[in-house]
Amino acid sequence: MYDYLVVGAGLFGSVFSHEAVRSGKKVLIIDKREHIGGNCYTETRDGIDVHKYGPHIFHTSDERIWKFMCQFTEFNGFRLSPKVKSRGKIYSFPINLMTLHQVWGVTSPEEAIKKLEEVRIPCCNPDNLEDWILSQVGREIYEIFIKGYTSKQWMRDPKKLPASIIKRIPIRLTFDDGYFDDTYQGIPRDGYTKIFENMTQGCDLALGEDYFANRERWNSMAKHVVYTGKIDEFFNYKMGELEYRSLRFEEFKQPGDFQGNAVINYPDSDVTYTRITEHKHFTPERLSKLNDTIYMKEYPIPWNRDETPYYPIGDEKNTKTYKGYRELAEKETNVIFGGRLAEYKYYDMHQIVGSALQKSKKIL
């Protein structure tokens with residue numbers, strides 16, 4: 001008999017499992033996929049760590065979380081500075097002084113502030129994505145960088161998305177083009193999968209196993225369940241189906257270098273993909289040794305329950321539905337719900353680690 005059955009070998013499940021084993025508990029982790037690591041999973045091919053489910057950059061300003069993760073890997077200090085290709089031009093991104101220079105020709109923070117004051121579209125209560133970004137940078141910047149990308153990525157009118165989505169992206173009046181402001185940032189030198197291998201030592205693993213195909217049997221094997229999958233599926237969709245953003249990846253390999261940067265966004269509406277990720281640029285310390293490159297185009301696809309869920313769509317309708325599921329979850333005395341899907345929350349990796357550490361400390 002196990003102390004914990006952990007459903008899902010992603011970040012929340014693996015962190016919780018590590019802490020449980022460290023506390024002397026017996027843990028079984030099951031996952032429908034044939035590998036550990038969830039969407040953070042990487043495959044090493046031709047010396048390149050390929051992020052199979054899209055790019056992941058670990059970043060945090062919480063020293064406790066950083067030290068916890070550094071037990072399992074060495075990070076290389078990589079800092080994400082994506083570019084944007086729109087209307088045939090390459091722009092610096094996220095929006096910074098170089099971006100504003102490229103669009104308007106401004107050359108100083110003072111000029112940038114003056115120009116932004118001219119173009120902003122004031123809004124008393126900018127509670128949706130479009131109104132908020134228009135109130136910050138005006139229509140031209142919105143049209144070039146935000147509108148098309150957001151519409152493709154979320155398959156929603158930006159007016160129907162919460163402002164919180166765009167507030168995550170910094171707007172700077174300096175030439176700093178780093179995507180994240182956090183103190184600690186990097187990519188694991190040996191790939192993300194190695195982290196999960198180290199983190200789950202001492203656990204039993206059952207991969208390629210669908211929890212819902214034999215739920216009663218799995219539940220009977222442990223005293224408690226830690227569930228990290230879709231919360232609506234756990235309750236058999238009784239409150240209605242939650243929506244997620246899903247993706248399709250198209251992979252290419254060629255000699256040399258393809259785009260000269262890890263990530264380039266494509267916001268133009270006539271381009272069907274949202275971004276291209278070139279994996280070898282995540283580990284610049286290896287670049288001189290690599291003759292080939294592997295890159296992926298990322299396409300949003302319509303959601304249905306058979307697709308892989310990546311991001312919760314936190315609009316009004318889905319948020320209301322989730323509240324019903326959360327009330328059901330609170331009545332479950334023997335199940336711990338955690339992670340992006342079980343909590344229907346747009347977590348970054350460090351936030352998932354923090355949540356798992358907090359819950360495991362409280363429970364264990």
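The values are calculated or read from the model by the stated rules, or taken from the named source; none is laboratory data. This is a predicted model, so every value here is computed, not measured. Cβ atoms come from the backbone with ideal geometry, glycine included; neighbour counts cover every protein chain shown. Note: accessible area is taken over every heavy atom of the protein model, side chains too, but ligands, DNA and RNA are not part of it. Shrake-Rupley method; radii C 1.70, N 1.55, O 1.52, S 1.80 Å.
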**Item:** Extension gain (nm, one decimal) between Thr319 and Ser135, 0.36 nm per residue minus Cα-Cα
**Value:** 63.8 nm
**Prompt:** Where does helix 316-330 land angle-wise versus the long Cα axis of the chain, in degrees 0 to 90, nearest 10?
**Reply:** 20
**In nm, spacing of pseudo-spin labels at Lys238 and Lys223 (7 Å Cα→C-beta vector)** = 2.7
**Request:** Taking the Cβ of Lys331 as the centre, find all other residues whose Cβ is under 14 Å away and add up their charges (Lys, Arg: +1; Asp, Glu: -1).
**Result:** 0
**Message:** As a quick test, which of the pairs Lys52/Lys160; Lys253/Lys345; Lys159/Lys320; Lys223/Lys361; Lys115/Lys167; Lys32/Lys85 have an alpha carbon distance above 25 angstrom in this structure?
**Reply:** Lys52/Lys160; Lys253/Lys345; Lys32/Lys85
**Request:** Once you've got the GNM for the chain with C-alpha springs shorter than 10 Å, pick whichever of Leu242, Leu100, Leu173 has the biggest mean-square fluctuation.
**Result:** Leu173
**Asked** Taking θ as phi - 60°, what are the ³J(HN,Hα) couplings along the stretch 36-42 by the Karplus curve (6.51, -1.76, 1.60), each to the nearest whole Hz, with x for Gly and Pro?
**Response** 8, x, x, 6, 7, 3, 10
**Prompt:** Using the Cβ atoms and a cut-off under 12 Å, what net charge is assigned to the surroundings of Val15, where Lys and Arg are +1 and Asp and Glu are -1?
**Reply:** +2
**Request:** Can you tell me how much longer the chain between Thr44 and Gln254 gets when fully stretched, taken as 0.36 nm per residue apart minus their C-alpha distance, in nm with one decimal?
**Result:** 74.0 nm
**Asked** Of the heavy-atom accessible surface of the stretch 23-108 (probe 1.4 angstrom), what whole percent is carbon and sulfur?
**Response** 46
**Message:** What are the extents of the Cα atoms of the stretch 191-303 along their three principal axes, in Å, largest first?
**Reply:** 53, 40, 16
**Complete:** Computed about the Cα centre, the charge dipole of the chain from +1 Lys/Arg and -1 Asp/Glu charges at the Cβ has a magnitude in debye, to the nearest 20, of 440
**Message:** Quick check: the angle from helix 109-119's long axis to the longest principal axis of the chain, C-alpha only, nearest 10 degrees?
**Reply:** 90
**Request:** Using a 1.4 Å probe over the heavy atoms of the protein chains, calculate the carbon and sulfur portion of the accessible area of the stretch 269-336 as a whole percent.
**Result:** 44
**Prompt:** Which whole number of Å³ per residue matches the convex hull of the alpha-carbon atoms in the chain?
**Reply:** 147
**Message:** I'd like the accessible area for Cys124, computed on protein heavy atoms only with a 1.4 Å probe and all protein chains in place. Round to 10 Å², please.
**Reply:** 150
**Coarse-grained scattering of the stretch 1-95 at q = 0.10, 0.21 Å⁻¹, given as base-10 log I(q)/I(0) from a Debye sum over alpha-carbon atoms** = -0.42, -1.21
**Prompt:** How many percent of DSSP beta bridges within the chain run antiparallel, rounded to 5?
**Reply:** 65
**Asked** Which distance in nm do the two modelled labels at Asp3 and Glu110 give, with both placed 7 Å along the Cα-to-Cβ direction?
**Response** 6.4
**Asked** To the nearest Å, what is the center-to-center distance of the stretch 288-334 and the stretch 160-213, using C-alpha atoms only?
**Response** 13
**Request:** For the stretch 241-364, report the accessible area per residue in Å² (1.4 Å probe, heavy atoms, rounded to an integer).
**Result:** 49
**Fill in**
Summing +1 per Lys or Arg and -1 per Asp or Glu among the other residues with Cβ less than 11 Å from Lys297's Cβ gives -2
**Fill in**
So the angle from the long Cα axis of helix 11-22 to the longest Cα principal axis of the chain, reported in degrees to the nearest 10, equals 40
**Request:** Taking every pair of Cα atoms in the stretch 317-359, average 1/r, invert it to obtain the Kirkwood radius, and report Rg/Rh to two decimals.
**Result:** 0.99
**Message:** If I model a spin label at Cys70 and Cys124 as a point 7 Å from the Cα along the Cα→Cβ vector, what separation in nanometres do I get?
**Reply:** 5.1
